[in-house]
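Trainee: Below you'll find the structure I mean.
The values are calculated or read from the model by the stated rules, or taken from the named source; none is laboratory data. Note that the structure is predicted; figures quoted are calculated from it, not measured. For neighbour counting, all protein chains shown are included, and Cβ atoms are generated from backbone atoms with ideal geometry for every residue, glycine included.
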Amino acid sequence: MANVTKKYPGESRWKGWWYLLPALLVYLLFTFLPILETIRSSFYQWDGFSQNKVWIGLANYVELFSDPKFHNALRNNLIFVIFYSLIPILIGLFLASMLSRRPIPGFAFFRTALFLPQVISMVVVGVIWRWMFNPTFGPINSLLRQIGLDVFAISWLGDFTWALPAVGSIGTWVQYGFCMVLFLAGMQHIQDEYYEAASLDGANAFKQFIHITVPGLRSEIAVALVTTIIAALRVFDLVYTTTRGGPGETTMVTGFLIYRAAFTNNRIGYAAAIATVLTLIILIISLFIRRYQQQGSEEST
Amino acid sequence: MKYPWKNLLPRYLILIVFMLVVLVPIWGMFTSAFKTSTEVMEGPFSLPSDWSLDNFEQAWRVGRFNIFFKNSVIVATAVVISSVFLSTLSGYAFGALPLPGKSWLYPLILIGYMVPFEAVIIPLYNLMDTFGITDTLWALILPQVGLSVSFGTMWMSSFFENTPGELTDAATIDGCSRWQTLWYILWPIAKPAVTTLVVLIFMWTWNEFLLALVLVQNEALRTLPVGLAFFQGKYTANIPLMAAGAIIVALPTILIYVLFQRFFIRGMLGGAIKG
């Protein structure tokens, strides 16, 4: 990589700032300052309209950490991590190892289809799956009735036990193709010699998978983890269009809790506290995974 | 090395099964959009007797999808053009120009790329109110430009970092200013990177829901995803009409994806996430 950042003779050393400034101003005004303002608001009690904004210190946080609704939402987010992240990554790894390293003719066609849920608006995904799960004429229950399993033909999204896994499995549907394509692309870079040497040493397919494929895909797994975990933690659109957090609070997630606290219950300070905690969790997780990814690339060089 | 047919067959079977799991729900929704309400009850995967466009027409006019579509096009176009332009300049600053303070500026911008929209939505709502633009599409455009330049800056700066220095040095010796070097020398070879950025920002903006739900209250300013969400609340039982609406929302991103998928997949696999 060439060092092109050197300044030319007679050029101001501030040259770059002129190019950076327009983007930086827009970014500061519409993203960075709002983040700081959210943190500041979390120390206040405010309804969003009145002039009366009261400093209450950490009271919002104290309330938050003892609020069963927040615990419930956070727990649901963690369950979503299983559906959005863990299961798709396992499916992706399984498929990638089954399909193996050599190019398959016509794979581009499959790739196009597998990636499709990634480009569709989550509101549309919600509409599709509300129809799939429709208790009376949805395909899932029609199928269950046809094979004689009428007892399982329940109202999936309205059921206190099944609504959460039902919404979660929509996340699996969205993410697994992405993980699979990501891992297959990564496997093209693992050299055949590793597998050949392992075969000579008598390592079976499973051992090869654990000791060659998984470490070889380290950086792809990191990308998949960051992308899917963040998607699971900030899920909002899908819950809004499928269940609105119901029935009861069974599919309530942190993102929806923020929306409800701020724009339905007019508790701006409290909503800001939840948003601050959620942001912190997301930042810590992404930094943590990025570090794991960097360590991996340092070891391999 | 290639597979013999005997080994290819089971692999195709696996791919087909997982592809069908993705495609069958989408296909079912697609055919529903052409059906009548009674046909939907007959069976989820029966074909419509007549591929009529009545549902689309009704969604377009009665459901006001014509207005939502226009809004989505305006917002997405404005956000894509300004974000890509601003990100090209700032990416050039990071990747190729002398920039005092680079070491702290970079993480400052990186933060915007990682935070969830939930972290900014409340102050943005108040900010738009202060500016008095909650009743215009600016309330959707400006914040999304701010959020997009964060990713855009990093994407473009990694492109400029990797361009050969000889190219720009030669241009300078020939008397090009930095500005001319950017637009006459680098911009033409930046096309693949810019195309990826364009399709990603287009898709994110087109599909964006939370900001569009909160920042404009006027029904005439809704974008397609928000319009569809309200539509769903109103016509819950009318599957064909909702399916038609869903297709109107999804079709533009699917088309762009199919046309530009090489660029699109490269960006997504490179870890292009929007936090």
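Trainee: Of everything in region B:1-43, what is over 14 Å from A:F107 (Cα atoms), free of Cβ contacts under 8 Å to residues at least 24 places away in the same chain and not in a helix (DSSP H, G or I)? Give them in sequence order.
Mentor: Across region B:1-43, the qualifying residues are B:M1, B:P4, B:G43.
Trainee: Could you say whether any residue in region B:110-132 is closer than 21 Å to A:G16 by Cα and at the interface with chain A (Cβ under 9 Å from one of its Cβ atoms)?
Mentor: yes
Trainee: Can you go through A:V214, A:V235, A:V174, A:V167 and tell me which one is surrounded by fewer than 18 Cβ atoms within 10 Å (Cβ to Cβ), within 26 Å of the chain's Cα centre (by Cα), under 30 Å from B:F264 (Cα atoms) and not aromatic (F, W, Y)?
Mentor: After ruling out the rest, the residue left standing is A:V214.
Trainee: So for region B:172-184 (the condition being of a type in the set (D, E, K, R), free of Cβ contacts under 8 Å to residues at least 12 places away in the same chain and not in a helix (DSSP H, G or I)), does at least one residue qualify?
Mentor: yes
Trainee: Quick one: count up the residues across region B:83-109 that are within 30 Å of B:R222 (Cα to Cα) and more than 8 Å from every other protein chain (Cβ to nearest Cβ).
Mentor: Summing the residues that are within 30 Å of B:R222 (Cα to Cα) and more than 8 Å from every other protein chain (Cβ to nearest Cβ) in region B:83-109 gives 4.
Trainee: Identify the single condition in (1) more than 10 Å from every other protein chain (Cβ to nearest Cβ); (2) farther than 21 Å from A:Y8 by Cα that B:F159 does not satisfy, given that it satisfies every other one.
Mentor: Failed condition: (2).
Trainee: Sticking with this one: Say we look at region A:129-142 and pick out the residues that are surrounded by fewer than 21 Cβ atoms within 10 Å (Cβ to Cβ) and either touching a Cys at 6+ places or on another chain (Cβ under 7 Å) or among the polar types (S, T, N, Q) (or both); which of these is farthest from A:V239 (Cα to Cα)?
Mentor: Of everything passing the filter in region A:129-142, A:S142 is farthest from A:V239 (Cα to Cα).
Trainee: Restricting attention to region B:132-158, which residues are modelled with pLDDT under 90 and either crowded, with 24+ Cβ neighbours inside 10 Å or not in a loop (DSSP other than H, G, I, E, B) (or both)?
Mentor: Once the filter is applied, which keeps residues that are modelled with pLDDT under 90 and either crowded, with 24+ Cβ neighbours inside 10 Å or not in a loop (DSSP other than H, G, I, E, B) (or both), region B:132-158 yields only B:S158.
Trainee: A follow-up question, please. Restricting to region A:1-51, name every residue that is facing chain B (nearest Cβ under 7 Å), more than 26 Å from B:L86 (Cα to Cα) and at pLDDT below 85.
Mentor: none
Trainee: On the basis of being surrounded by 19 or more Cβ atoms within 10 Å (Cβ to Cβ), assigned to a helix (DSSP H, G or I) and either touching a His at 6+ places or on another chain (Cβ under 6 Å) or basic (K, R) (or both), does A:R145 make the cut?
Mentor: no
Trainee: Scan region A:112-128 for residues that are within 7 Å of another protein chain (Cβ to nearest Cβ), of a type outside the set (A, V, I, L, M) and not in a loop (DSSP other than H, G, I, E, B) and jot them down.
Mentor: Passing the criteria: A:T112, A:F115, A:P117, A:Q118.
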